[in-house]
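Novice: The following block contains the structure, expressed as structure tokens.
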Amino acid sequence: MSDVYTLRGPVKKDRPAPSARRVERKSLSGQVLGSVDLEPTIFGLEPNVAVMHQVVVAQLAAKRAGTQSTKTRKEVSGGGKKPFNQKGTGGARQGTVRAPHYPGGGIALGPKPRKYDQKTPKKMIRLALYSALSDRAALERVALVDNFAAWDAPKTKVAVSTLETLGLEGKVLVVLGRDDAVATRSFRNLMNVKTIDAGELNAYDVLDADWVLFTDATLPQAKEAN
């Protein structure tokens, strides 16, 4: 017990120092332009599985509309008249044919509109994102290109050819900037590709993808870790 607790309370688990990882920087034609050191505090962490799970669950819960609704006995139309006399029938007394046990009656304890939102601290959301990026970096599933400036017009076949040239298979998450409108329109018709603005990058989309493709402008830097 003394190894876990002190007079001031429980001791936090020591996590290993961030790992140094690199990624090849390529052009859209597949030519290697060099290598880039990934920020250790973003791509080199030991993934916190518990935090990632909690944040992803909260994110998926927030997508639920929560508009499901059933009618109670007082909301079902009709049934204002007592179906039969209170006494003398030999059966149980009934007040309305809109009671839950009647066909066409109201629903007992049915779902009503509600919100599924969960409050998640910003630090937890950030840690989940960095854990997800670190997991993909550890699996060498992070790719980097210089930019998409060479694309002057949106063409789906050019996007398909580029992914094949870069060797990106499976589900690909392409992180784009605000000036990459042509690239966004080029990728949008591909079922296995999802584009996302760099400012909207999140843990769920990173974990849902086999590859994460960044550009020089959208690659997270050290200043974003502070």
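Novice: Over 20 Å between Cα atoms: which of Lys119/Lys194; Lys71/Lys112; Lys63/Lys155; Lys71/Lys115 fall into that group?
Specialist: From Lys119/Lys194; Lys71/Lys112; Lys63/Lys155; Lys71/Lys115, over 20 Å: Lys119/Lys194; Lys63/Lys155.
Novice: Starting from the Cα of Asp197, step 7 Å along the direction of its Cβ; do the same at Lys87; then give the gap between the two resulting points in nm.
Specialist: 7.3
Novice: Provide the convex hull volume over Cα atoms per residue for the chain, in Å³.
Specialist: Each residue corresponds to 241 Å³ of Cα convex hull volume.
Novice: Give the relative contact order (percent, whole number) for the stretch 69-184; include only Cα pairs under 8 Å separated by 6+ residues.
Specialist: Relative contact order of the stretch 69-184: 20 percent.
Novice: Let me ask another. Excluding residues fewer than 8 places away in the same chain, name every one of the aspartates and glutamates whose C-alpha is closer than 18 Å to that of Lys122.
Specialist: Excluding near neighbours in sequence, the set is Glu200, Asp205, Glu224.
Novice: Still on this model: If the label point is 7 Å along Cα→Cβ of Ser161, which residues in the stretch 17-54 have backbone nitrogen under 17 Å from it?
Specialist: 27-31
Novice: Still on this model: Spin-label point model (7 Å from Cα, Cβ direction): what's the Arg178 to Glu140 distance in nm?
Specialist: Result: 3.7 nm between the two label points.
Novice: Let me have the 222 nm mean residue ellipticity of the chain computed from DSSP H runs of 4+ only, each contributing -39500 (n - 2.57), with the sum over all residues rounded to the nearest 500.
Specialist: Only helices count here, giving -7500 deg cm²/dmol.
Novice: Can you give the relative contact order of the chain as a percent, counting alpha carbon pairs under 8 Å and 6+ residues apart?
Specialist: 23
Novice: For a quick protection proxy, order the peptides 74-83, 204-213 by their average other-Cβ count within 10 Å, most packed first.
Specialist: By packing density, highest mean first, the sequence is 204-213, 74-83.
Novice: Give me the one-decimal nm value for the distance between modelled label points at Glu169 and Val49, 7 Å along each residue's Cα-to-Cβ direction.
Specialist: For the pair Glu169/Val49, the computed spacing is 2.6 nm.
Novice: Multiplying the sequence separation of Gln118 and Ala17 by 0.36 nm and subtracting their Cα-Cα distance, what value in nm do you get?
Specialist: 33.3 nm
Novice: For the chain, with only Lys/Arg (+1) and Asp/Glu (-1) charged at the beta-carbon, what is the dipole magnitude about the Cα centre, in debye rounded to 20?
Specialist: Here the chain has a charge dipole of around 2280 debye.
Novice: When you count, for each residue, the other Cβ atoms within 10 Å and take the mean per peptide, how do 149-160, 192-203 rank with the highest first?
Specialist: Result, highest mean first: 192-203, 149-160.
Where a number appears in this text, it was derived from the coordinates with a stated rule and is not lab data. Nothing here was measured: the structure is a model prediction, and the numbers come from that model. Neighbour counts run over all protein chains shown; Cβ positions are idealised from the backbone, glycine included.
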